[in-house]
Structure formats: structure tokens, C-alpha cells
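Notes to accompany the following structure.
Please treat every number below as a calculation from the coordinates, not as lab data. Everything numeric here is computed off the predicted structure, so don't read it as measured data. Glycine also receives a Cβ, built like all others from the backbone with ideal geometry; neighbour counts cover every protein chain displayed.
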Amino acid sequence: MDWLDLPVTTVFFYALLTALATGLGALPFFFIKNISPSFLGKSNAVAAGLMLSASYNLIFEGYKENEWMTVIGMLSGVILVVLANHWLENKSTLELKDVVGGKKKDILLFLGIMTVHSFAEGVSVGVSFANTMEFGIFIAIAIAIHNIPEGLAISLVMVPKGTSPIKAVGWSIFSSLPQPIMAVPAFIFVETFREYLPFGLGLAAGAMIWMVFAELLPEALEKCEPHQIGLWITLAIIGMSAFQILIG
Ligand SMILES: [Zn+2]
């Protein structure tokens, strides 16, 4: 069998595409120097809406097979992400701007922080492909679009400090690399232990919902009015619902 035809390769390929989409967030900086903070706030709100919509879909898919296992998965997901976050916060208050041009150790720690964030997203892509190919592509697209504002946020920190836009593209993609790396083992695990699929779907949803309210919303609130955030989150969810109907 050709390795290109393996399902694992497909999952890796799609998860890699979602990571590459993060680089698109740096593109505006090739043309303009400054991006208004309120634009970033709205982008964060859209990212939050996409993640909430994806989480809802993960739970819905889990319920089709085993409701309680989905709920237990959600609980495990939130416990896992809270513990990982707590552990990393104790280790360092490192931010991206400290890492750029920094030591190898700092870069590794930054990757650790990004791994926690990308963990849920990578697992979502992996378990969704284990559910069905179509659902996997749907979730991968949602995560890919949501990654663009994340790349924008990263570039917004780096470019005004003198990083070139092309390097900002590289760092943005780098920050999402844990996604393809997490997607593959999640896919293999759920493919092997098919009966735990609802657990995996719930786990990813629980961790992503936490991420929306612990990270994306506070970031959006720094730059935007609550009524605008509400509007853009709702529009993103409506957009995802319409997209889902369109692709059947
Ligand atoms: Zn994210």
C-alpha cells in the first residue's frame, strides 16, 4: 500500500493545512504597518464563535453514540487543560515577545504553552476524522479559519517590534505545529479503540470550550466592546451552521 493513501497521512495532511493557515494571519503585514486593535478583537470573537460551534458539533456527534461517555470526556478535557495550564503558569510567565531571538530553552517552553492550546484543536481534528472523513474535513476547516486570527495576533506582537512579515509567517505556523502532531495519535487511538470515540469527541469539546472563555474572550475584551464581540461570535456560529448545511 502506498503510504500516501493511508488514512493517517490524510489526517496529518489536513492538520498540517490547518497549521499553515495560521501563517495567513501574518499576510496583512506585507501591505500595511498597523492593524487596528478593534479589528483584532473582532477576529478573536470570530475565532471564539468557530470554536464554540465546532465544540457543539463534537458533542452532538458524541451523543449519537454514547451520551454519558461524551459527558465524561468533556469533564476529562476540562480537567486536563486546567491542570496543564496551571502547571505551565507555575513554570513561567513567558510570552512570545520574550522568546523571539531568545534561547533554545525559551523557545521550547513557548512551544509547550502552544501545545496546551493546540492540544484540544489537534485532538479535535484527529477524533473527527475517526468519526467520519466528512466530519473531519468540516472540523479541520473550522480550526483552519480560526487559526488565521491567531496568526494575526502573533504577528501583531512581533511585526511592530521589528520582526519581518516573512518571519512572522514562520512563527505563526510554528505556533500551530502541535496541531498535526496531536491529531495523528488522537486519530490512531480512537481508530484502534473505536468504542472510546464519544470520549475523545467530548474531551476535545471540553478543552476547547475552556479555551474560548479563558483565552479568546478575554483577549477580545481587551480590544473590543462586549456588544461587538457578541455580534461577531453569533455571526461566526451562524456562518458555521450555514456552511454545514451547504456541505450537507
Ligand atoms: Zn486556537
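Observations on the model:
- Look at where the Cα atoms of segment 164-212 and of segment 1-56 average out, and the two centres are 12 Å apart.
- Dipole of the chain [Lys/Arg +1, Asp/Glu -1 at C-beta], most positive-end residue of 10, 86, 210: 86
- Unit charges at the beta carbon, dipole of the chain: most positive-side option, 246, 119, 25: 25
- Binned Cα-Cα distances of the chain, short to long, each 10 Å bin given as a whole percent: 8, 31, 38, 19, 4, 0
- Computed from backbone phi, the HN-Hα couplings of segment 40-50 come to 5, x, 5, 4, 4, 5, 4, 4, 4, x, 5 Hz, rounded to whole numbers (Karplus: 6.51 cos²θ - 1.76 cosθ + 1.60, θ = phi - 60°; Gly and Pro given as x).
- Taking trypsin sites (Lys or Arg not before Pro) in DSSP loop conformation with at most 10 other Cβ atoms inside 10 Å as exposed sites, the chain has its longest uninterrupted site-free stretch at 104-248.
- For the chain, calculated [θ]222 nm from helices alone, where every DSSP H run of n ≥ 4 adds -39500 (n - 2.57): -27500 deg cm²/dmol
- Segment 38-89: C-alpha gyration tensor shape, a/c 1.5 cut-off, then a/b vs b/c: oblate
- Paramagnetic reach from residue 235 (point 7 Å along Cα→Cβ, amide N under 20 Å) across segment 37-74: 37-54
- Total lysine pairs whose alpha carbons fall under 15 Å of each other in the chain (8 or more apart, or interchain): 7
- The C-alpha atoms of the chain define a longest principal axis, and helix 197-211 lies at about 20 degrees to it.
- Rh (Kirkwood; distinct C-alpha pairs) - segment 104-248, Å: 16.6 Å
- Length gained when the stretch residue 36-residue 214 is fully extended (0.36 nm per residue, less Cα-Cα span): 61.8 nm
- nm² value of the averaged projected area, convex hull over the Cα atoms of segment 1-57: 5.7 nm²
- For segment 67-80, backbone phi angles converted through the Karplus equation (6.51, -1.76, 1.60; θ = phi - 60°) give residue-by-residue couplings of 5, 5, 5, 5, 5, 5, x, 4, 4, 5, x, 6, 4, 4 Hz, Gly and Pro being listed as x.
- Chymotrypsin sites (Phe, Trp or Tyr not before Pro), loop per DSSP, at most 14 other Cβ atoms within 10 Å - longest free stretch of the chain: 32-192
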